[in-house]
Structures are given as C-alpha cells and as structure tokens.
Amino acid sequence: MSKIFSEPHPVFLQTAASPADLLMPTGTKYSPKEALKLALRISEQSGIKDLLFDWKKKDRAGKTRPGRAPWISEYQVFILLLTVALTGQPTLITNVKELLLAFDHACFEMLGVAPVRELNEAEIRIEKRRRSTHRRERTQGKLLDAQPILPPHIETMYDRIYHSYRLLTRLADPHQISLYRRYTRAEWEIVKQKLPATDKEHFDRTERAHILAGRILHGTFYCLPREARRRIAKSTPILAVDGTFLPVKEAPLTGKKLYAPAEATAAYHVRSGNHFGGDFDDYSKAQQKTSQSEKVGFGYELHLAVLSSDDAPKVALGMTQDKPGFRSGENGFYAAQMAVKNNNLEPGIIGSDREYPYSKLEKYLSPVRAMGFEPIFDYRKDDLGLQGSHKGFILVEGSWYSPSMPQKLIEATFDYRERRKSDPQRIDEKTYKKRIAMREPYRAVTKEHPNEQGVWRAQCPAVGGSARLVCSLREPHVKTEGRHLLPVFPQITSSTGEVPACCEQKTVTFPSLLHPKLEQKYVFESEEWSLIYRSLRGAVESFNNSAKRGSGAAKLGDSTMRPRRGWIAHFLSALVGIASVNVAKISAWLKKRGSDVAQDGGILTVQPQKRPLRRRERTAGFTRGDEPPDKVKKGKVS
C-alpha cells in the first residue's frame with residue numbers, strides 16, 4: 001500500500017452498540033454518546049469504511065497528496081453526520097462541531113480521533129507559520145512530506161471538519177462543479193456541455209452514492225433482532241416503491257433571469273407528474289402547463305423501496321436520487337434491487353403508483369420481473385376496461401377473460417371512476433365491488449403454468465369438470481350435472497360466422513406476456529389485489545410522511561434543514577435522515593409488539609409483555625353514575 005494513504009482509523013468493536021442500545025421510547029432523542037454508539041454499529045455493519053477507502057485509493061491512483069493526513073477521515077465525518085441525525089439535529093457542520101465539543105474522552109476513543117484541546121500561544125504561532133509555509137510551497141508546485149497529525153484548536157475545528165466533508169462529497173458527487181457562486185445562464189450552458197449525461201465518471205459517481213445509501217440502509221436493517229430478520233428473509237417480502245419530493249431552498253423563477261438557480265442541478269416538480277422536461281425553464285411557462293390547484297416546487301426526487309410485509313417494520317431498504325421525473329423506471333428498479341440483494345431477501349411482490357410501470361418496459365417492468373418480482377399496479381383512465389385480445393380471449397385490466405363477459409362488467413372500473421356524478425351510468429362503490437366479483441366466473445382457467453420461456457396455456461371457463469359457465473358451443477362435463485352454471489352466448493362474428501379459437505380449441509397457448517405493460521398476476525381491484533395494493537401504498541406513504549414531516553434531521557420537507565447546495569449535499573442529508581427514520585420505525589415496531597429487549601448469548605430476543613387492560617375491562621361490573629337506584633350494585637359505584 002502506498003505511504004501517501006493513511007490507514008483507516010480503527011474502530012473499537014468492544015464499544016460498539018449492542019441491540020439493547022437501540023430500543024428507546026418513541027420520540028425520545030438520543031444523547032450524543034448513545035447516538036454515537038448506534039451510528040458506529042450501523043456504519044460497521046454497512047461496511048462503508050473499506051468502501052470509502054477503496055474509492056479514495058482508486059481516485060488518487062498515480063497522484064501524491066501533499067501535506068499531512070486530515071485530523072478526521074471521511075468515514076468518521078459520515079459517522080458524525082449520522083450521529084447528528086440520530087440526535088434530531090440538522091446535519092450542519094456547525095452541529096458536528098458542537099457534537100464533538102460535547103464528547104468525552106471515551107467518545108473520542110470510540111470514534112478513533114484525537115481529542116480536541118486548547119493550544120497554547122507557542123503552538124498557535126507554530127501552526128500559523130506551518131500553514132504559511134505550506135501555502136507558499138504548494139503555490140510553487142513543491143510537494144511536502146506527510147506531517148504528524150496535531151490535535152485541532154477549537155477555532156480551527158470547523159475548517160478541519162469541513163475539509164474532510166469536502167473530501168467525502170468528492171468521492172460520490174456526480175456534479176464536479178463549483179458551488180461558491182451562481183452561474184449566468186450562458187455560463188451554465190457551457191458547464192452543462194462539460195458534464196454530459198452520458199459521461200462515464202458522472203454515472204460512476206452516481207452509482208457510488210447509491211451504493212453508499214444501500215449499505216447504510218442495510219446497516220439500519222440489522223438493528224432488528226436476528227430472529228426477526230430471519231423470519232423476514234424466509235417469508236415473501238412485499239416492497240413498495242415510490243418517489244418523494246426533496247425541495248431545495250431556491251426562489252422560483254418568475255420570469256427571464258440573468259442567472260441560473262443556485263441549485264442548477266435541480267429541476268421543477270409538479271404533483272401531477274408533468275415536470276416540464278426537468279430543467280429550470282421559465283417559471284411562467286411552467287405555470288401555464290398546470291392548473292391553479294397544482295403546486296410547483298423546485299428540487300430533487302428521492303426514490304425509496306420500503307418493506308411492506310405485515311411481520312416487519314415499514315423501513316426503507318433502497319434509495320436513489322434524481323431530477324423529478326427523470327429515469328423513474330431505472331431508479332425504482334435500482335432501489336428494489338438494492339433492497340433485495342443487500343439484505344438477502346427473496347423477490348416477492350413489488351408495487352408502486354403509476355409513475356413506474358408507465359416507464360419504458362425495459363426500464364422497470366421487464367427488469368423487476370426478470371429478478372423474480374410480481375408487479376402490482378394501477379391503470380390510467382385510458383387503459384381501463386378492454387386492453388387487448390388473443391385467439392378470442394379478451395384482456396380486461398390485466399387478466400384474461402372469456403369473450404362472452406358482459407359489457408357492463410368490462411367497463412365497471414370506468415363507470416365507477418371516470419363518469420360524472422350526474423351521469424346515470426355512473427355506479428357507486430358497492431355496485432362496483434359487486435361487478436368486479438361477477439367477473440370471476442368469466443376468467444380464463446390456467447391449464448399449464450409458464451415454463452422457462454414464459455409460455456403458458458389456458459382454457460375456456462365453460463370446459464371441464466370445474467366449469468363455471470355453460471355455452472352452446474361446449475359439451476357439458478359429467479361432473480357439472482346438478483351445479484348452477486352461468487349461461488353465456490357465444491361470440492360469433494355475424495358477417496363471417498367465424499368462431500373464436502378459444503371457443504373451439506381445448507386449450508389456447510399464450511407466448512409469454514402479450515401485453516407486458518398491462519398484465520399482472522392478481523386480479524385488478526379484487527379483494528386480494530386491494531388488500532396488497534392498499535397495504536403497500538399505505539406503508540410507503542406513511543414512511544414518506546414520517547420522513548418529510550417528522551422531527552429532527554428527517555424533516556425532509558423543510559428545505560431550511562439542508563442549507564448546503566449541491567446534489568451530493570442534499571443526498572447525504574437525506575440519507576442520514578432516512579436512516580434515522582428507519583431507527584425510529586424499528587424502535588416503534590418493537591415497542592408496539594410489547595417487547596422487552598433481552599440479551600441471550602448475543603442474540604436479541606423479543607419477549608411479549610402482558611397487554612394493559614382496556615378501560616371497559618378495568619371498569620367491568622361498575623355502576624354508572626346515572627343508573628337508577630334500584631340497579632345500583634352494592635360495593636361497585638364508579
């Protein structure tokens with residue numbers, strides 16, 4: 001190993017947090033020492049220490065770093081940012097400095113840095129002379145030998161922390177541009193040409209940032225008890241993918257401006273999803289494309305993959321960041337892939353709003369299916385009802401049905417959602433649910449499940465011993481005698497007299513997915529579909545609400561909590577905020593289960609507590625104050 005690279009500072013494992021340090025009353029803030037222990041536990045489990053060191057070594061290959069090594073490393077700066085987030089404070093360098101000043105010697109030993117101390121006058125003079133010499137020789141192009149690390153003076157702490165923070169951001173910042181001044185629009189056009197979207201370094205550093213996010217969220221997942229993690233891994237996990245807006249502190253562009261925004265890498269966001277191409281176009285033009293009720297914001301978009309299983313806390317296991325509306329499909333898939341691979345989970349069900357499945361097929365639906373997921377999603381109004389056909393079978397809202405299904409059942413969702421209240425054909429929710437259930441007898445029967453090539457076979461629901469319909473084109477099976485079957489009329493073309501293939505053949509072969517952007521395994525709006533979809537959507541919206549309107553560093557909806565500019569600055573603040581939300585969710589989940597934390601051979605065990613009595617149980621048999629005298633029970637007057 002080259003001598004110009006200092007070894008990563010050791011972290012004393014015996015001081016790392018135990019699982020018992022995690023469970024704290026919901027809403028209680030961690031003390032600096034407790035937060036540091038937990039941040040160390042998460043960071044050690046994530047493995048980012050070696051990751052950051054490898055990235056730094058790769059970036060500086062063939063280069064020599066002049067001067068002495070920093071007092072605090074990039075890894076330790078990230079630990080401190082996470083510690084600040086766990087204490088409920090904004091992730092500012094000032095708060096990191098105040099945190100270090102609040103540490104005792106044990107905390108500095110756990111962190112692996114030299115404690116802060118006051119310097120005497122002679123040491124201050126030597127330090128100033130050394131800095132002047134270093135600045136002069138560096139200007140002349142001379143390289144200085146590495147010098148021993150000196151404990152920082154309190155007045156220089158901020159500069160040293162900020163210097164290491166800049167080294168950290170440089171490792172994973174896809175936009176290597178200066179943020180100390182605003183660009184004119186002409187200057188920004190030149191800068192954009194130097195940073196093309198296809199630049200390999202741009203994508204590599206974006207991937208680094210997302211890998212870092214996956215590792216840290218993996219570390220928070222391991223705050224769960226071992227038995228809970230094993231139970232989650234053995235079950236079929238349900239993932240909910242969703243995007244949430246990350247606003248920045250930027251005034252809207254109300255007209256033609258000479259300067260580009262301070263957050264020039266951000267873009268407009270509209271709740272409806274029409275984000276005007278993503279760049280900072282004229283705000284007045286943007287407003288013309290939206291209704292008055294739609295809110296226009298400026299910032300970034302976080303894409304989260306949230307675990308939505310019933311026997312697990314609703315925590316985020318994958319996270320990416322991009323411009324609003326940019327590469328939604330790729331970001332959703334990458335977040336889901338991150339959640340599964342980092343935590344050794346089996347692909348199960350994945351659900352989202354319409355933003356992701358309506359991306360290009362090869363960007364989202366095809367990759368998640370190839371990974372083993374079963375996507376579940378909603379449809380736009382132009383895709384409701386009849387969606388396609390194959391050899392007579394009709395595709396209605398993701399499932400294949402007999403061509404004899406009545407038109408009112410085909411258009412049930414449209415009649416319920418899209419028709420005006422004054423329209424006599426509009427139906428209420430009760431009628432809608434009834435019509436969805438009435439579709440089931442017409443659904444095509446699967447005879448052979450998909451093989452390795454995805455080919456499967458289906459037959460008419462009026463064929464066989466389990467037939468649900470009776471059709472004049474089909475001979476009734478002997479097992480259907482005495483059963484009530486729905487009569488249907490065969491769909492014969494009046495002009496040619498042609499009979500659909502599904503009404504003549506015993507089975508019909510389907511070559512994989514004929515309409516991969518529309519088909520889904522679960523019957524749309526059925527009880528099973530509704531239970532899964534409503535559950536996962538509720539889970540991810542609840543998590544977004546906690547992250548955006550929570551307290552402390554996780555208050556992502558407040559741009560004043562993240563005053564620093566730049567893509568990577570907002571990403572790191574959001575990452576430690578999401579990690580703190582995960583910790584709070586896990587703590588609340590264990591507390592809700594009524595659990596004590598017991599350490600048994602290094603394994604966290606969850607011991608159920610006795611449920612407290614309800615008021616009606618505590619007052620059972622008591623007489624109310626307004627009871628008649630003849631009904632008052634002796635000795636039991638409330």
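Bear in mind that the values in this text are calculations on the coordinates, not laboratory data. Values in this document were obtained by computation on a predicted structure and should not be read as measured data. Quick reminder, even Gly has a Cβ in these numbers, built from the backbone with ideal geometry, and neighbours come from all protein chains shown.
Assorted remarks:
- Size descriptors for region 361-432 (Cα atoms only): Rg and Dmax, in that order, 15.0, 46 Å.
- Computed from the C-beta positions of S530 and S235 and an R0 of 30 Å, the FRET efficiency is 0.90 to the nearest 0.05.
- Pairs from K49/K97; K391/K447; K295/K360 whose Cα-Cα separation, in the structure shown, is over 18 Å: K49/K97; K295/K360
- Sorted peptide list for 540-546, 233-239, criterion being average Cβ within 10 angstrom, highest first: 540-546, 233-239
- Order by protection proxy (mean Cβ within 10 Å, highest first), peptides 441-453, 580-592: 580-592, 441-453
- Dimensionless Rg over Rh [region 389-518; C-alpha; Kirkwood]: 1.00
- In Å, descending, principal axis extents of the Cα set of region 316-457: 50, 41, 24
- FRET efficiency for K506 and V470, using Cβ-Cβ distance with R0 set to 25 Å, rounded to 0.05: 0.90
- Sorting 97-109, 400-412 by average packing, meaning the other beta carbons within 10 Å per residue, from highest down gives 400-412, 97-109.
- With a threshold of 20 Å on the Cα-Cα distance, the over-threshold entries among K249/K548; K57/K192; K314/K381; K56/K128 are K57/K192; K314/K381; K56/K128.
- Distance between the 7 Å Cα→Cβ label points at R417 and A186: 5.0 nm.
- The simple spin-label model puts a point 7 Å past each Cα toward its Cβ; for K591 and F489 those points are separated by 6.4 nm.
- Added length on full extension, which subtracts the Cα-Cα distance from 0.36 nm per residue, S31 to R136: 33.5 nm
- A Förster radius of 56 Å combined with the Cβ-Cβ distance from K381 to S178 puts the calculated FRET efficiency at roughly 0.75.
- Within region 459-569, the proportion of Cα pairs with more than 19 Å between them is 71 percent.
- Prolate/oblate/rounded call for region 39-96, Cα gyration tensor, a/c under 1.5 rounded: oblate
- Take the Cα of Q407, step 7 Å toward its Cβ, do the same at Y222, and the gap between the two points is 6.2 nm.
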